[in-house]
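Each remark here refers to the structure printed beneath this line.
The values are calculated or read from the model by the stated rules, or taken from the named source; none is laboratory data. Treat the numbers as computed from the prediction; the structure is a model and nothing was measured. Don't worry about glycine lacking a Cβ; one is built from the backbone with ideal geometry, like all the others, and counts go over all protein chains shown. Remember, those area values only see protein heavy atoms, side chains included, never the ligands or the DNA or RNA. Shrake-Rupley method; radii C 1.70, N 1.55, O 1.52, S 1.80 Å.
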Amino acid sequence: MQANEIRTRFIKFFGMRGHREIPKAPLVPPNDPTTLFTSSGMQQLVPFLKGEPHPMGRRLMDSQPCFRSEDIDEVGDNRHITFFEMLGNWSLGDYFKKEQLPWFFEFLTEEIGLKPERLYVTVFEGDAVVPKDEESVTVWKKVLKTNAPARKGADGFEPTIKIYTYGADKNWWSRSGIPANMPPGEIGGPDSEVFYDFQTSHDPKFGRVCHLNCNCGRFVEIGNSVFMQYEKQADDSFKPLPQKNVDFGGGLERIASASQNQPDIFNIDIFTEARKTLEKVVVVSSPESIRAVRIILDHLRAAMFMVSDGFEPANKLQGYVLRRLIRRAALHSKIADIDLDNSINLVIDKLCGSYITVDPNLGENQGRILETIRIEITKFEKTLSQGMKKVLSKVGGGTITGTELFDLYQTYGYPPELVKELAAQKRVMVDGKGFEEAKRQHQETSRTATKGLFKGGLADKSDETVKLHTATHLLHKALREILGNHVRQEGSNITAERLRFDFSHPRKLSGEEIAKVETVVNQKIKEDLPVHRTVEEKDKALKSGALAFFKENYPAMVSVYTIGKDPAKEWFSKEFCGGPHVKSTGGIGGIRIIKEQPVQSGIRRIYAELHS
Ligand code: SER
């Protein structure tokens, strides 16, 4: 069954069981500075798993684009990918094990058509804090129609036994892994995984005997039901959450692999067309070229989603990961003699094509995606020969020092991991620690240099910038009036030429909506409303309806700007803000919206300029 069909069936299956589909979170979580990427479906649900009521109810589901960078170096074999879609369903204190486990099994066997004899399950064996998950064992015995006792899998695999028990390293889930690694406040719980048996032969490289959690590729985990019930406390104990939750996640691509019985994940339908395109430009087929094709497919697909979500290659944070993905794809195309320059257009077209019905943003952004990737590859190619010369000068026992490594990274844009990969083949040593130190020193210097720049999103304090800053507040409020109160500021950047405002909204704005927003802002400018600044207690200000930019950490007392006749009762806009602003809105003169575009899924961007 094709991946798109599996996704549709999942949503329908859980929809029929009372679940509502929540909007996907962006690939880069907008209000979570603790993590670079969305790496699981539950990430956006943490407050609700902890007990806050969710506006859409207690049974939720979605298909969430995720990125996990820790697997980047593994990509190239037949099963590792960095970007994937996670099918998810949640019970927020509603149903529990006896519904969840049979439902997922029914979905796999009845909806997707997987053969029950190819499926195996694992449950938590228990430890000093949390007992063995006997309840799941009982439910699974009934579902799998087996009386065989659950047993430990690590000592081998016996096909007649369907239920295996493992410890916390395999059957406990939290965002930080095992219980000992969880920080206070983190939530987690025991889980139950389902594995598909591809019936391939065991590779002894991965151990003497094969078992469900063996990494040889015979068994692949296709779904994980986490029984999210505990919160770690400061004294290392576990407090039960106010409700018992189910947090289920299953990799769409893996379920598709099982359904299409393709142990090579890059053979599933999502990749087929792009893969064929690349294979046509492989000069000599070899293990390296097979590996390179997989790396290109995985990395470019991830890059495509990141660029579509508004990211550009850069030397830090998400931009750095994006740069690394594109450059790694380009490097491997060179190593394996794959003509990426002439095929990239079609590869991106085919990859976008696989999602055309589910992510219209990709279609809208396809041109920008291609251009961004192309530019980055060109930059990389220019620097490749320069960087290569440096590495080659050390061949046969030399060491690339930390400063040289940082120079390669900073000047030529070489990711250090990539230099290591080059260098290792040529027996050149690399000083990774020295690199970290050189990087830290550089960051320190640039932090001091840029201190004060772009404070509050303002490039300077010129009259135009200040006018556009007040106009931004009016725009924020106007967007909420016209589109709804779900609109929230996601970012702002103002220069003397234009304002740029990012906000949450699921769809492209129509021409009519843009015109209405512009009219409201200009009307408020015409009314020449006074702008007041007050200093208020944070909680009181929030209660009074002041808007805050949730990416910021505010102190107990906050500076608030109110636009309206009376800051206590009659105002149009009220926001936490450090200023500066015009004295009254008439001073702005007027504005014109010049562009509206997507930034990430669920986030739009507006550009506007002064216009009287
Ligand atoms: N949170 C679990 C996971 O990411 C299940 O959704 O695997």
- Item | Using alpha-carbon coordinates, inclination of helix 97-106 to the longest axis of the chain, degrees | 70
- Based solely on its DSSP helices, what 222 nm [θ] is calculated for the chain when runs of n ≥ 4 H residues each add -39,500 (n - 2.57) and the sum is averaged over all residues, nearest 500 deg cm²/dmol? -12000 deg cm²/dmol
- Dipole of region 1-128 (Lys/Arg Cβ +1, Asp/Glu Cβ -1, origin at the Cα centre): which of H19, I6, Q44 lies farthest to the positive side? H19
- Here, I178 and E288, labelled 7 Å along Cα→Cβ, have an inter-label distance in nm of 3.9
- For the Cα atoms of the chain, what angle does the longest principal axis make with the long axis of helix 134-143, in degrees from 0 to 90, nearest 10? 70
- Computed over the Cα atoms, what is the radius of gyration of region 1-157 divided by 2.2 N^0.38 Å, N being its residue count? 1.17
- Taking Cα atoms, the helix 511-526 axis meets the longest principal axis of the chain at an angle in degrees (rounded to 10) of 40
- How much length is gained if the chain between S69 and D235 is pulled fully straight, taking 0.36 nm per residue apart and subtracting their Cα-Cα distance, in nm to one decimal? 56.7 nm
- Semi-axes of the chain from the Cα gyration tensor (sqrt of 5 times each eigenvalue, largest first, whole Å) come to 44, 34, 24
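Can you give me the % of accessible surface on the chain that is carbon or sulfur? Probe 1.4 Å, all protein chains present, nothing else counted.
So the carbon and sulfur contribution to the accessible surface is 50 percent.
Using a Förster radius of 25 Å, what is the FRET efficiency between M557 and K583 based on their Cβ-Cβ separation? Nearest 0.05, please.
On the way: r = 23 Å, r/R0 = 0.93.
Computed FRET efficiency for M557 and K583 comes out at 0.60.
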- Once the Cα atoms of region 487-612 are picked out, what are the Rg and Dmax in Å? 15.0, 41
- Query: Using just the C-alpha positions of region 266-361 as equal point scatterers, what log10 of I(q)/I(0) does the Debye formula give at each q in 0.11, 0.14, 0.18, 0.20 1/Å?
  - Reply: -0.30, -0.49, -0.80, -0.96
- Message: Straight-line reach only, C-alpha to C-alpha below 26 angstrom: list the lysines that K526 could link to, leaving out same-chain residues fewer than 8 apart.
- Response: K461, K467, K477, K516, K565, K569, K574, K583, K595
- Using a simple charge model, +1 on the beta-carbon of Lys and Arg, -1 on the beta-carbon of Asp and Glu, nothing else, what dipole does region 319-368 show about its Cα centre, in debye to the nearest 20? 340
- Note on the structure: Under the 7 Å Cα-to-Cβ spin-label approximation, A148 and K115 lie apart by a distance in nanometres of 1.6
- Which Cα, out of N89, V358, I290, lies furthest along the positive dipole direction of the chain (beta carbon charges, K/R +1, D/E -1)? V358
- Item | Interatomic Cα distance distribution for region 530-590, bins of 10 angstrom, percent | 23, 55, 20, 2
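Highest first, please rank the peptides 531-538, 502-509 by the mean number of other Cβ atoms sitting within 10 Å of their residues. Before the final figure, lay out each step's value.
On the way: 531-538: 15.4, 502-509: 17.2.
Ranking the peptides 531-538, 502-509 by packing returns 502-509, 531-538.
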- Item | Normalised contact order of region 1-83, rounded percent, pairs of Cα under 8 Å and 6 or more residues apart | 31
- Once the Cβ-Cβ distance between K50 and R374 is put in as r, and R0 is 35 Å, what FRET efficiency do you end up with, to the nearest 0.05? 0.20
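Suppose every Lys and Arg Cβ carries +1 and every Asp and Glu Cβ carries -1, with no other charges. What dipole size does the chain come out with about its Cα centre, to the nearest 20 debye? Working shown, then result.
Working: 85 positive and 82 negative charges, 121 e Å.
Value, rounded to 20: 580 debye.
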- At what distance in angstrom do the alpha carbon centres of region 89-128 and region 145-196 lie from each other? 13
- Query: Of the cross-linked pairs K24/K142; K12/K543; K24/K538; K115/K244; K316/K433, which ones have a Cα-Cα span greater than 28 Å in the structure shown?
  - Reply: K24/K142; K12/K543; K24/K538; K115/K244
- Query: Mind listing the Cα extents of region 124-269 along all three principal axes, in Å, largest one first?
  - Reply: 46, 35, 30
- Provide the per residue accessible area, probe 1.4 Å, for the chain, rounded to a whole number of square angstrom. 45
- Message: Could you check the spin-label model distance between L36 and Q597? Points 7 Å from the Cα along Cα→Cβ, value in nm.
- Response: 2.4
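Evaluate the charge dipole of region 100-167 about its Cα centre and quote only its size in Debye, nearest 20, assuming +1 on the Cβ of each Lys and Arg and -1 on the Cβ of each Asp and Glu. Mind showing how you got there, number by number?
Working: 9 positive and 11 negative charges, 47 e Å.
The calculation lands at about 220 debye.
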- Note on the structure: A correct Karplus calculation of ³J(HN,Hα) over region 348-354, with 6.51 cos²θ - 1.76 cosθ + 1.60, θ = phi - 60°, whole Hz and x for Gly and Pro, returns 5, 4, 5, 5, 4, x, 5
- Message: Using each residue's phi in region 558-568, evaluate 6.51 cos²θ - 1.76 cosθ + 1.60 at θ = phi - 60° and report the 3J(HN,Hα) Karplus result to the nearest Hz, with x for Gly and Pro.
- Response: 10, 8, 10, 10, 10, 10, x, 5, 9, x, 8
